[in-house]
Amino acid sequence: QVQLVESGGGFVQPGGSLRLSCAASGRTFNTYSMGWFRQAPGKEREFVAAISRRGTTIYYADSVKGRFTISRDNAGSTVYLQMNSLKLQDTAVYYCARGPAGYTSTSDPHYDYWGQGTQVTVSS
């Protein structure tokens, strides 16, 4: 069983920054791609960013490209999401998830384990 625990969410003003972390249990972290998704109130969950198992392939949603950076530390079994220039519309619960082993996906049905989520609120 894999457990994913997110942290780093909070309240921030527009233009501010936050760094989310997702710590994974188990010894196979470096075997799988990882992703971040988010869900705003009244909206469906959407893809934010994904990173391959070695960090060589990275995808971003158009809405966060140039502002967010995904990275991973395989030795520490942690994936990060650095969020800069935050906007009101970035407000959501952010989830990390474990993706496929052999490729990197932007589609949530391809992710099998999910964290409990961390709230990010951008407000003035």
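For the range 45-62, the criterion of being modelled with pLDDT of 95 or more, open to solvent by less than 20 Å² (accessible area, probe 1.4 Å), among the polar types (S, T, N, Q) and within 28 Å of R27 (Cβ to Cβ) is met by at least one residue. Selection of the range 72-99 for residues being open to solvent by 10 Å² or more (accessible area, probe 1.4 Å), closer than 24 Å to P14 by Cβ and either out of contact with any Asp or Glu (no Cβ under 9 Å at 6 or more places or on another chain) or of a type in the set (V, I, T) (or both) yields Q82, N84, S85, K87, L88, Q89, T91, V93.
Where strands (runs of 3 or more DSSP E) sit wholly within the range 27-124, those with at least 2 residues that are touching a residue at least 12 places away in the same chain (Cβ under 8 Å) and among the polar types (S, T, N, Q) occupy 68-73, 78-83, 118-122. Every condition in (1) in contact with a strand residue (DSSP E or B) (Cβ under 7 Å, 6 or more places away or on another chain); (2) over 11 Å from R38 (Cα atoms) holds for C96 except the one numbered (2). Scan the range 1-17 for residues that are open to solvent by 60 Å² or more (accessible area, probe 1.4 Å), at pLDDT below 95 and of a type in the set (A, V, I, L, M, F, W, C) and the total you get is 0.
The values are calculated or read from the model by the stated rules, or taken from the named source; none is laboratory data. Given the structure is predicted, the values throughout are model-derived calculations rather than measurements. Here the Cβ is made from the backbone with ideal geometry for all residues, glycine too, and neighbour counts use every protein chain on show. Note: areas computed on protein heavy atoms with side chains; ligands, DNA, RNA excluded. Shrake-Rupley method; radii C 1.70, N 1.55, O 1.52, S 1.80 Å.
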